[in-house]
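All of the numbers you see were taken from the coordinates with simple rules; none came from a lab. Given the structure is predicted, the values throughout are model-derived calculations rather than measurements. Here the Cβ positions follow ideal geometry from the backbone for every residue, glycine too, while neighbour counts run over all protein chains shown.
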Amino acid sequence: MIRVFVPRDSGALSVGAEAVARGIALEAAARAAAVTLVRNGSRGLYWLEPMVEVETRGGRVAYGPVTPPDLPGLFAAGFLEGKPHRLALGATEEIPYLRRQERLTFARVGITDPVSLGDYEAHEGYRGLRRALTMPGAAIVDMVTQSGLRGRGGAAFPTGIKWKTVLGTTADPKYVVCNADEGDSGTFSDRMIMEGDPFVLIEGMTIAGIAVGATQGYIYIRSEYPHATRALNEAIAAATAAGYLGPDVLESGKRFDLEVRVGAGAYICGEETAMLESLEGKRGMVRYKPPLPAIAGLFGKPTIINNVISLASVPIILDKGGEYYRDYGMGRSRGTLPIQLAGNLKHGGLVEKAFGVTLRELLYDYGGGSRTGRPLRAVQVGGPLGAYLPESQFDTPIDYEAFTGISAMLGHGGIVAFDDTVDMAAQARYAMEFCAIESCGKCTPCRIGSTRGVEGIDRVRTIDKIVAGRDREANVQLVRDLCDTMLHGSLCALGGMAPFPVLSAFNHFPEDFGLTAGALAGAGR
Ligand SMILES: Cc1cc2nc3c(=O)[nH]c(=O)nc-3n(C[C@H](O)[C@H](O)[C@H](O)COP(=O)(O)O)c2cc1C
Ligand code: SF4
């Protein structure tokens, strides 16, 4: 039997992977070729999807992007033996985009059958949990702390320290909640892991539960991810049947159960306390802190809340040790970050690299520059609340502190690129309007401020023929003052960070507002 891989990742499905898989099965049957179809995750080279791989004696070789009409030609050319064809990409692992990555968290994605527990075990799966079960909870927490892992959901808080707080509580039960709301623009790494290697997330959550004495886990997943939800549910059922989940995890006498909960469909439900409200069946509104969720979280009980990538990075840390993970990266940003390249780029996709790679390398060496062929003018990193960065800042390394140093943030590692046709005043308005639409309404600076902010930007924008340009400098100052109030007076980071894209647009792209550099002075810079 020849194994042929066709991704069932939703990115690949959206460009026709299902029809390609069906076509391969039909063509193979017509030619009496012995083919086993494996529906793998995506390798993350999205411009090549649907990317089909064939397992040959010399390893896996790739073809793409494949459409159903290409199939007769591919079969005729001998693609089942890895022979040349106009769509041939050579040995998959040798494609430069993949070869130059450092895949720790994504080590199995695209390689294994996502819902095959046997495949997961055969590729070093569950080694981390087995080791964790031989250690006291405090030693597991210490190893995660030592690895330097920081939350990949946005705030970059040290994961081990969060776990230590939960470990130090005595309540029963305790919970582990995985934040899979993935609401940031241009992000898809959580989805790729959940669709492409759900067991790694399940293992990471189980280790978290064993470490702090939590017995119940929930994955709060956005409703727009039906494929990921299905993959997770299938994997949870398989893990439970094999004794990796349930009342007696691998006969350790320790319990850990896991369930998937589909989210309520609002950006704010990704904020951890609003997510807890939503999980409890209420409207997603932000809670006051303290108490921290680690002390009084879900149903008032101590709760670990971590992002998908944070939790999915735990198994390799437990398997290979904290030092191994820590050896990657720079400064206080240790390990790797799965970076998502999106927007106007030739080669959009997933690039997992150690911290320290620069934005420029990502945009040009991996992303291949703009898809339109025009110069790249701006990138937004870290989702809708991230700053817009001009070309002069493209040499900034991917490092939490380096980004803070330029009033930007890495967030969840999403990068959205724009060419020189972008209207940065429109982007600034969009950022403020996003905040106005998504505000939960609990605090005044965000609820009222974001709406007044949109009006203020409209008065500055040159595009509006009626109010444009009237008292432009005074209105810029007003928006800056408003941003200052939102930055310092908002209850959560939605209102507290929405000013970043606006201020960065003023500061780096004043010409798009009809401003000169002289108009830059003001609050909230
Ligand atoms: C408005 C808003 C939206 C957020 N959305 C997400 C999200 O979709 N996914 C996520 O993991 N974290 C999100 N966060 C961050 C979470 O509040 C929290 O910091 C994170 O889940 C903690 O996990 P980590 O330490 O592993 O990053 C959001 C925060 C804010 C303020
Ligand atoms: S900043 Fe906005 S989203 Fe956050 S609590 Fe206040 S109103 Fe709600």
Identify all lysines with a Cα-Cα distance to residue 174 below 19 Å; exclude those on the same chain that are fewer than 8 residues away in sequence.
162, 164, 254, 289, 301
Please rank 83, 301, 162, fewest neighbouring Cβ atoms within 10 Å first, as an exposure proxy.
83, 301, 162
Taking Cα pairs under 8 Å and at least six residues apart, what relative contact order does segment 51-178 come out at, in percent?
13 percent
Please compute the Kirkwood hydrodynamic radius of segment 332-412 from all pairs of different C-alpha atoms, in Å with one decimal.
12.7 Å
Could you tell me the ratio Rg/Rh of the chain? Both radii from Cα atoms, Rh via Kirkwood.
0.99
Tell me the volume per residue, in Å³, of the convex hull enclosing the alpha carbons of segment 399-450.
127 Å³
Explain nothing, just the number: relative contact order of the chain, from Cα pairs under 8 Å at least 6 residues apart, as a whole percent.
13 percent
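Counting Lys +1, Arg +1, Asp -1, Glu -1, what net charge surrounds residue 106 among other residues with beta carbon under 10 Å of its beta carbon?
Taking every other residue near residue 106 into account, the sum is 0.
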Hey, got a sec? Which trypsin sites (Lys or Arg not before Pro) in segment 54-103 land in a DSSP loop and have at most 10 other Cβ atoms within 10 Å?
57, 86
Sorted largest first, the C-alpha extents of segment 117-326 along its principal axes in whole angstrom are 40, 36, 33
Neighbourhood net charge (10 Å Cβ-Cβ; Lys/Arg +1, Asp/Glu -1) for residue 420
0
Taking only C-alpha pairs under 8 Å that are 6+ residues apart, what is the relative contact order of segment 329-419 in percent?
35 percent
What does the C-alpha gyration tensor say about the overall shape of segment 252-304? Classify as rounded when a/c is under 1.5, otherwise prolate if a/b is larger than b/c, or oblate.
oblate
Between residue 139 and residue 477, what's the calculated FRET efficiency when r is the beta-carbon distance and R0 is 51 Å? Round to 0.05.
0.40
Indicate, rounded to the nearest 5 percent, the antiparallel portion of the DSSP beta bridges found entirely in segment 2-99.
70 percent
Cut-off is 10 Å between beta-carbons; in what order do 399, 172, 181 appear when sorted fewest neighbours first?
172, 399, 181
Between segment 1-24 and segment 436-462, what's the alpha-carbon centroid distance in Å?
44 Å
Name the residue from 26, 91, 71 whose Cα lies farthest towards the positive end of the charge dipole of segment 5-97, charges +1 on Cβ of Lys and Arg and -1 on Cβ of Asp and Glu.
26
Could you state the number of Å between the C-alpha centres of segment 323-401 and segment 36-71?
26 Å
In what sequence do 248, 257 fall when counting other Cβ within 10 Å, fewest first?
248, 257
